[in-house]
Amino acid sequence: MLDVLKKDMICRGLLILNGIFLLICPILGWTFFLELFVGTMIFYAVVNAVLFLLTMKSKDYTSAFTCLASLIIGIIGYLYKVTETPKFLAITILIWLLMLSLIKLKKADMYHDKKSKMWQFETVLLFLFVITGILTSINFLFGLETNIIVFGYFILITGIFEFLDPFLAYITKGKIK
């Protein structure tokens, strides 16, 4: 169990690093937002696919569904070049947010069915994730560098939220009941 949580934390840590990378991009002069957006979605999908393969025995399909949702949004983002129009970008982020929220809600329900108090923690994280996503979508009406920074903060915060679940389970050695 602790080995699975360590693998989960490492993969979630990669998502935090992705958010930090996005925050550094405008400083380096990298303002090709479509490539950064699609690359982030693909990276998110790959990290979750690897996580699913590493933790398959735990019968938790959250990372597989997250992989699928991120891959779909990455493909849609590339095909429709959603970063060129702030409204389309905001709608795309909100659709991704909706898909991930449903996945997180299912995970909270799984904890509730197991009679673990982790469902309360997962529900609070879900609420914070939704608020962060909505605020992020509203802020895409500014310049290109601002969009990259806002998206970077969103990915960073999302990575932190994703990291907190296995971290709490790890420090309590999975004994939260």
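The values are calculated or read from the model by the stated rules, or taken from the named source; none is laboratory data. Quick caveat: nothing in here was measured; it's all calculated off a predicted structure. Methodologically, a virtual Cβ is constructed for each residue, glycine included, from the backbone with ideal geometry; neighbour enumeration extends over all protein chains shown.
Go through (1) touching a residue at least 24 places away in the same chain (Cβ under 8 Å); (2) touching a Leu at 6+ places or on another chain (Cβ under 9 Å) one by one and return the number of the condition Ile73 breaks.
(2)
Within the range 100-120, take every residue that is under 18 Å from Thr132 (Cα atoms) and of a type in the set (A, V, I, L, M) and give me the one that is surrounded by the most Cβ atoms within 10 Å (Cβ to Cβ). Let's see the steps before the verdict.
The first filter runs over the range 100-120 and keeps only residues under 18 Å from Thr132 (Cα atoms), leaving 100-105.
Now narrow it down to the ones that are of a type in the set (A, V, I, L, M): 100, 102-103, 105.
On the way: Leu100: 24, Leu102: 13, Ile103: 20, Leu105: 14.
Within the range 100-120, the match that is surrounded by the most Cβ atoms within 10 Å (Cβ to Cβ) is Leu100.
Might you let me know whether the range 34-42 holds any residue that is within 12 Å of the chain's Cα centre (by Cα), over 18 Å from Phe140 (Cβ atoms) and modelled with pLDDT of 95 or more? Talk me through it step by step, then tell me what you get.
Initial filter on the range 34-42 (within 12 Å of the chain's Cα centre (by Cα)): 40-42.
In the following step, the residues that additionally are over 18 Å from Phe140 (Cβ atoms) were identified as 42.
Those left that are additionally modelled with pLDDT of 95 or more: 42.
Checking the range 34-42: at least one residue is within 12 Å of the chain's Cα centre (by Cα), over 18 Å from Phe140 (Cβ atoms) and modelled with pLDDT of 95 or more.
Every residue in the range 51-62 that is touching a residue at least 24 places away in the same chain (Cβ under 8 Å) and either in a helix (DSSP H, G or I) or not acidic (Asp, Glu) (or both), please.
Scanning the range 51-62 gives Leu51, Leu54, Thr55, Lys57, Ser58, Thr62.
Determine the pairs where a residue that is under 14 Å from Ala169 (Cα atoms), located within the range 2-15, has a partner that is of a type in the set (Phe, Trp, Tyr) with Cβ atoms under 6 Å apart, the partner being 6 or more residues away or on another chain.
That search, which allows pairs on different chains as well, returns Leu5/Tyr170; Met9/Phe167; Arg12/Phe163.
Considering each residue of the range 114-151, count those that are in contact (Cβ under 8 Å) with a residue 24 or more places away in the chain and either of a type in the set (Ser, Thr, Tyr) or assigned to a helix (DSSP H, G or I) (or both), and give that number.
Of the residues in the range 114-151, 21 are in contact (Cβ under 8 Å) with a residue 24 or more places away in the chain and either of a type in the set (Ser, Thr, Tyr) or assigned to a helix (DSSP H, G or I) (or both).
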